[in-house]
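Peer 1: Just dropping this structure here.
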Amino acid sequence: MDKKGLTYAGAGVDIDAGNALVEKIKPIVRATRRPGADAEIGGFGGVFDLKAAGFRDPLLVAANDGVGTKVAIAIATGIHDTIGIDLVAMCVNDLVVQGAEPLFFLDYYATGKLDPETGVQIIKGIAKGCLEAGAALIGGETAEMPGLYAGADYDLAGFAVGAVERENLLPKGDIKAGDIIFGLASSGVHSNGFSLVRKIVDDSSMTWSDPAPFMANKTLGEALLTPTRIYVRPILQVLRQTDGVRALAHVTGGGGAENTLRVLPDDLGIEVELQSIPVLKVFQWLARQGDVLEKEMLRTFNCGIGMILIADSGRYKEVEQALRSAGEDPIALGTVVKMKNAVRVFHNGKLDL
């Protein structure tokens with residue numbers, strides 16, 4: 001009788017399940033084709049043709065990110081088809097703030113026990129995000145790691161590469177006091193601050209299947225899993241229409257102020273009218289339910305503004321019109337100011353919490 005030796009499957013890793021997942025997602029991935037990439041997976045690396053994409057003197061811009069502990073809500077609720085949109089959004093929004101057009105995307109999906117159907121739902125979300133951003137999904141990696149992840153737990157990481165013509169790279173070097181700060185609305189919590197969100201929910205004794213107090217006809221889990229907005233198409237349209245944009249900032253961890261300061265010269269700061277921020281109901285609920293102070297809300301969450309745009313003071317009306325033409329409703333938040341006594345952030349008024 002043949003002796004049965006120890007196998008990889010016996011150690012908890014199912015190669016056949018991985019192969020089955022690849023076959024299931026091939027048509028999903030293929031749908032993200034764009035000039036420069038055929039979006040065909042199965043090789044050892046993805047290839048992108050910059051010349052075919054129409055660039056003359058491009059600079060490559062790369063970004064990577066994850067979705068933080070928002071993934072824990074996806075796992076707890078069994079809703080896996082939107083978390084991939086978040087993954088793409090967190091990466092491509094970081095590209096477009098430098099004026100770059102996202103070209104391609106790769107994902108890393110690690111789990112304790114690979115379930116091909118769950119994997120398909122995750123990849124569907126990633127593909128949807130790529131289509132919205134105009135990026136080809138040209139590759140990825142699935143890792144089954146029992147012992148490191150418990151059961152069906154998983155985590156995601158994303159990697160995006162974009163390109164911008166050299167002369168169009170942002171931020172511009174001529175930002176000055178008096179330049180106008182615009183904000184673009186967020187879709188919800190996006191993908192930052194979820195450790196605090198989960199703590200608030202845990203302390204409330206609510207469950208993910210309870211009705212959301214701040215969104216009609218949605219469970220709490222569904223509402224909090226609202227995907228991160230992808231700002232790529234409207235921003236690229238604006239940048240093609242006007243060169244009055246001096247800088248952009250993606251509002252992620254640290255809130256609006258800290259992310260805006262990253263694109264300003266060291267001697268400049270911002271003055272923001274807090275009452276102009278259209279605070280979403282989810283943030284009002286989080287602040288009240290968790291007894292979270294305004295200062296902490298501002299540095300943890302986007303509070304309703306997911307993208308910051310700085311316009312030249314002499315051309316801000318042109319930029320505002322370009323934003324409206326792109327389907328946005330820009331919110332005038334304040335101005336760029338000189339740093340005073342080592343202070344760079346000045347808040348006027350209060351958030352509507």
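Peer 1: With only Lys, Arg, Asp and Glu charged, each at its Cβ (+1 for the first two, -1 for the last two), find how big the charge dipole of region 256-353 is about the Cα centre; round to the nearest 20 debye.
Peer 2: Taking the Cα centre of region 256-353 as origin, the dipole is about 120 debye.
Peer 1: Starting at the first residue of region 146-152, write each ³J(HN,Hα) from the Karplus equation 6.51 cos²θ - 1.76 cosθ + 1.60 with θ = phi - 60°, in whole Hz, x for Gly and Pro.
Peer 2: Those phi angles translate into x, x, 9, 10, 7, x, 8 Hz.
Peer 1: Rank-order 45-51, 176-182 by packing density, defined as the average count of other C-beta atoms within 10 Å over each peptide's residues, highest first. Before the final figure, lay out the partial values.
Peer 2: Details: 45-51: 13.0, 176-182: 19.1.
For the peptides 45-51, 176-182, the packing ranking is 176-182, 45-51.
Peer 1: Can you order the peptides 158-167, 103-112 by their average number of other Cβ atoms within 10 Å per residue, highest first?
Peer 2: 103-112, 158-167
Peer 1: Still on this model: What share of the DSSP beta bridges in region 221-353 is antiparallel, in percent to the nearest 5?
Peer 2: Details: 11 of 15 bridges.
Once the DSSP bridges in region 221-353 are tallied, antiparallel ones form about 75 percent.
Peer 1: Can I ask one more? Using only the Cα atoms of region 101-228, what do you get for the radius of gyration and for Dmax, in Å?
Peer 2: Rg and Dmax of region 101-228, Cα atoms, are 19.1, 55 Å.
Peer 1: Before I look further, what does region 129-282 give for accessible area per residue, probe 1.4 Å, in whole square angstrom?
Peer 2: 41
Peer 1: State to the nearest 20 debye the size of the charge dipole of the chain about its Cα centre, where the only charges are +1 on K and R beta carbons and -1 on D and E beta carbons.
Peer 2: Working: 35 positive and 44 negative charges, 93 e Å.
Dipole magnitude for the chain comes out near 440 debye.
Peer 1: Just the number: Rg to Rh for region 216-353, Cα atoms, Kirkwood Rh, two decimals.
Peer 2: 0.98
Peer 1: Which whole-number percentage describes the relative contact order of the chain, with Cα contacts under 8 Å and a sequence gap of 6 or more?
Peer 2: 21
Peer 1: Now a separate question. With an 8 Å cut-off on Cα pairs and a minimum separation of 6 or more residues, tell me the relative contact order of region 103-186 in percent.
Peer 2: 46
Peer 1: Still on this model: Report the one residue of Ser186, Val161, Gly147 whose Cα lies farthest in the direction of the positive end of the charge dipole of region 70-203 (charges on C-beta: Lys and Arg +1, Asp and Glu -1; origin at the Cα centre).
Peer 2: Ser186
Peer 1: Please state the equivalent ellipsoid semi-axes for the chain: what are the square roots of 5 times the Cα gyration tensor eigenvalues, largest first, in whole Å?
Peer 2: They are 37, 27, 16 Å, listed largest first.
Peer 1: So what is the relative contact order of region 85-239, in percent, for Cα pairs below 8 Å that sit 6 or more residues apart?
Peer 2: Once normalised by length, the contact order is 34 percent.
Peer 1: Roughly how many percent of the accessible protein surface of the chain is carbon and sulfur, given a 1.4 Å probe and a whole-percent answer?
Peer 2: Values: 8370 of 16260 Å².
About 51 percent, which is the carbon plus sulfur part of the accessible surface.
Peer 1: Taking the Cα centre of region 14-173 as origin, work out the dipole magnitude from +1 charges on Lys and Arg Cβ and -1 charges on Asp and Glu Cβ, in debye rounded to 20.
Peer 2: 440
The values are calculated or read from the model by the stated rules, or taken from the named source; none is laboratory data. Computed from a predicted model, the values in this text were never measured in an experiment. Glycine gets a Cβ as well: all are built from the backbone with ideal geometry, and neighbour counts include every protein chain shown. All accessible areas refer to the heavy atoms of the entire protein, side chains included, with ligands and DNA or RNA removed. Shrake-Rupley method; radii C 1.70, N 1.55, O 1.52, S 1.80 Å.
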